[in-house]
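A.B. asks: One structure, pasted below without further comment.
The values are calculated or read from the model by the stated rules, or taken from the named source; none is laboratory data. Everything numeric here is computed off the predicted structure, so don't read it as measured data. Using ideal geometry, Cβ is built from the backbone for each residue, glycine included, and neighbour counts are taken over all protein chains shown. Heavy atoms of the whole protein, side chains included, go into the accessibility calculation; ligands, DNA and RNA do not. Shrake-Rupley method; radii C 1.70, N 1.55, O 1.52, S 1.80 Å.
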Amino acid sequence: MEQTTLFDRPQDRPLASRMRPRDLEEFAGQQHLLGEGKVLRRLIESDRVNSMIFWGPPGVGKTTLAQIIARRTKAEFVNFSAVTSGVKEIKAVMQDAEARLRLGQRTILFVDEIHRFNKAQQDAFLPFVEKGSIVLIGATTENPSFEINAALLSRCKVFVLKALTPEDLTGLLRRALADPRGFGGRAIELEPEALELIANFANGDARTALNTLEMAVLNAEETDGKLVVDRPLLEQCTSKKSLLYDKKGEEHYNLISALHKSMRNSDPDAAVYWLARMLEAGEDPLYVARRLIRFASEDIGLADNRALEIAVAAYQACHFNGMPECSVNLAQAVIYLSLAPRSNAVYKAYEMAKADAEKMLDEPVPLAIRNAPTRLMKELDYGKGYVYAHDTEEKVADLECLPKNLAGRRYYLPTGQGSEARAAENLARVMARKAELKRRREEET
């Protein structure tokens, strides 16, 4: 819990600290978890919180949610730092928790940045979580699957917190301007689109949005008794020129469409321009990288086998570097994808297969390619007629792998573009071999 001193003056604290929500009604975003009737809201309101992990990007309210739980719970709430605490401190807290439990009082232990604990430190929590001595609430910006021990993670419910939307952030900024804890009572004049520009710059992070607003207000010139926050000042506070990015999302989709279609049309200059427009307007670089990964398979496919590798590498570079460093990684990928040979054969193959699958969801798997791990399955002819391809001369067996009603159906129709020309040759060789084997089988019968 936060401690105050005689020398602590609320007005001297950063705006983000002063405006930290005190209850669920003030909390911005996360309606998928905290909306009326949602499971996490019900758990908090009924004080029936179980061990859980809050996973999400910075500035979305993980610590704030823990503090709201602290105010509502009848349990003892202990704030624990993963940065400054070791196994010794963990065991001391656990002993106190068990002593309280013997007196009938629960202990909720909040661990911020839980991913910073090593395996030994995380293991120290496990027996106490398992027997209910504590309720563990962890907060992390990293994927819990990779950063938290499987045994501990299996005993916690993971709640995924999403980056705040521009609408969430503009609402938060308006409240900061009106609330006495923020700038309420002060005459502040802002550009009409100022809050939207700050919200887009903050990229889903409430702390960044409030810090930017505070910087702008504190540096504003006073005119006629008002603090004037104009566009040039905002651009200085964000260290960049704020570009048009429609808060309703239309411009967002226009720009990603422009990027995608410029790459598809092999125009690297236009593609890099639209990439820059998106990044400099505050778009999440990981979103762009995900779209490049999709493009690599949808529009290039096997025509260039490196396209998907390049796109995935760009995503990893964005994750490691962040903005602005990753902008050049994305530019490299965009130019490569723009100049790569084109094929949508993989995309078309999946779409045709999907259409058939949706119409034939109950089509049985052919007996020959079913697994037969038990005696009963073998007696029912599971696996009967299966030929291990590696035992054949050309590594191809006379085996129909599609359901009976789809036998002979073709989905993947390779083009002659780039590397896919070799795929087309290999497929033609395989099909010719299968046709020969089928002909021999029919002659023998």
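A.B. asks: Kindly report the accessible area of the stretch 13-92 per residue (heavy atoms of protein chains, probe 1.4 Å, no ligands, DNA or RNA), in Å².
C.D. replies: 45
A.B. asks: Here's a follow-up. In Å², and per residue, what accessible area does the stretch 220-356 have when probed at 1.4 Å with the other protein chains present?
C.D. replies: Here the residues of the stretch 220-356 average 52 Å² of exposed surface.
A.B. asks: Express in nm, to one decimal, how much length is gained between L413 and N118 on full extension, taking 0.36 nm for each residue of separation and deducting their alpha carbon distance.
C.D. replies: 101.2 nm
A.B. asks: In the chain, if the dipole is taken from +1 on Lys/Arg beta carbons and -1 on Asp/Glu beta carbons about the Cα centre, which of Q105, M215, I90 is farthest to the positive end?
C.D. replies: So the residue furthest toward the plus end is Q105.
A.B. asks: Take each uninterrupted DSSP H stretch in the chain, measure its Cα extent along the helix axis, and return the ones at 27 Å or beyond whose mean Kyte-Doolittle hydropathy is at least 1.6.
C.D. replies: The qualifying helices: there are none.
A.B. asks: When the dipole is taken about the Cα centre of the chain, and only Lys, Arg (+1) and Asp, Glu (-1) are charged at their Cβ, what size is it in debye, to the nearest 20?
C.D. replies: The dipole magnitude comes to about 1420 debye.
A.B. asks: Using alpha carbon coordinates only, what is the Rg to Rh ratio of the stretch 202-339, with Rh defined as the Kirkwood radius?
C.D. replies: In the stretch 202-339, Rg relative to Rh is 1.09.
A.B. asks: Where is the GNM fluctuation largest for the chain (alpha-carbon springs, 10 angstrom cutoff): Y382, Y287, Y336?
C.D. replies: Comparing Y382, Y287, Y336 in a Gaussian network model of the chain, the most mobile one is Y382.
A.B. asks: Which links in K62/K131; K384/K438; K91/K131; K354/K384; K359/K404 stretch past 19 Å when you go from one Cα to the other?
C.D. replies: From K62/K131; K384/K438; K91/K131; K354/K384; K359/K404, over 19 Å: K62/K131; K354/K384.
A.B. asks: Lys/Arg Cβ at +1, Asp/Glu Cβ at -1, dipole of the chain taken about the Cα centre: which of L172, A372, G416 is farthest positive-ward?
C.D. replies: Sorting the options by dipole projection puts first A372.
A.B. asks: Quick check on the chain: take the gyration tensor over C-alpha atoms, sort the square-rooted eigenvalues as a ≥ b ≥ c, and tell me if it's rounded (a/c under 1.5), prolate or oblate.
C.D. replies: Oblate, because a/c is 1.5 or more while a/b does not exceed b/c.
A.B. asks: Given a 1.4 angstrom probe, I'd like the percentage of the accessible area of the stretch 329-404 that is carbon and sulfur, rounded to a whole number.
C.D. replies: On the stretch 329-404, the fraction of accessible area on carbon and sulfur atoms equals 57 percent.
A.B. asks: Under 10 Å, Cα contacts only: if you run a Gaussian network model on the chain, which one of R370, R13, R42 comes out with the highest mean-square fluctuation?
C.D. replies: Among R370, R13, R42, the largest GNM mean-square fluctuation belongs to R370.
A.B. asks: Moving on. Sum -39500 (n - 2.57) across every DSSP H segment of at least 4 residues in the chain, then divide by the residue count to get the 222 nm mean residue ellipticity, nearest 500.
C.D. replies: When only DSSP H runs of four or more count, the value is -15000 deg cm²/dmol.
A.B. asks: Would you pull out the residues with amide H under 5 Å of I137's amide H, same chain only if 5 or more places away, H placed 1.01 Å from N?
C.D. replies: Answer set, sorted by chain and number: M52, L109, F110, V111.
A.B. asks: Is the C-alpha gyration tensor of the stretch 344-429 telling us rounded, prolate or oblate? Criteria: a/c under 1.5 is rounded; beyond that, a/b larger than b/c is prolate, otherwise oblate.
C.D. replies: Oblate.
A.B. asks: Tell me, what % of the accessible area of the stretch 150-191 is carbon and sulfur with a 1.4 angstrom probe?
C.D. replies: Solvent-exposed carbon and sulfur of the stretch 150-191 make up 55 percent of the total.
A.B. asks: Residue by residue, what Karplus-based ³J(HN,Hα) values in Hz, rounded to whole numbers, does the stretch 362-368 have, using 6.51, -1.76 and 1.60 with θ = phi - 60° and x for Gly and Pro?
C.D. replies: Ordered by residue, 3J(HN,Hα) equals 9, 5, x, 6, x, 4, 4 Hz.
A.B. asks: Residue by residue, what Karplus-based ³J(HN,Hα) values in Hz, rounded to whole numbers, does the stretch 48-57 have, using 6.51, -1.76 and 1.60 with θ = phi - 60° and x for Gly and Pro?
C.D. replies: Each residue of the stretch 48-57 in turn: 10, 6, 9, 4, 8, 10, 9, 10, x, x Hz.
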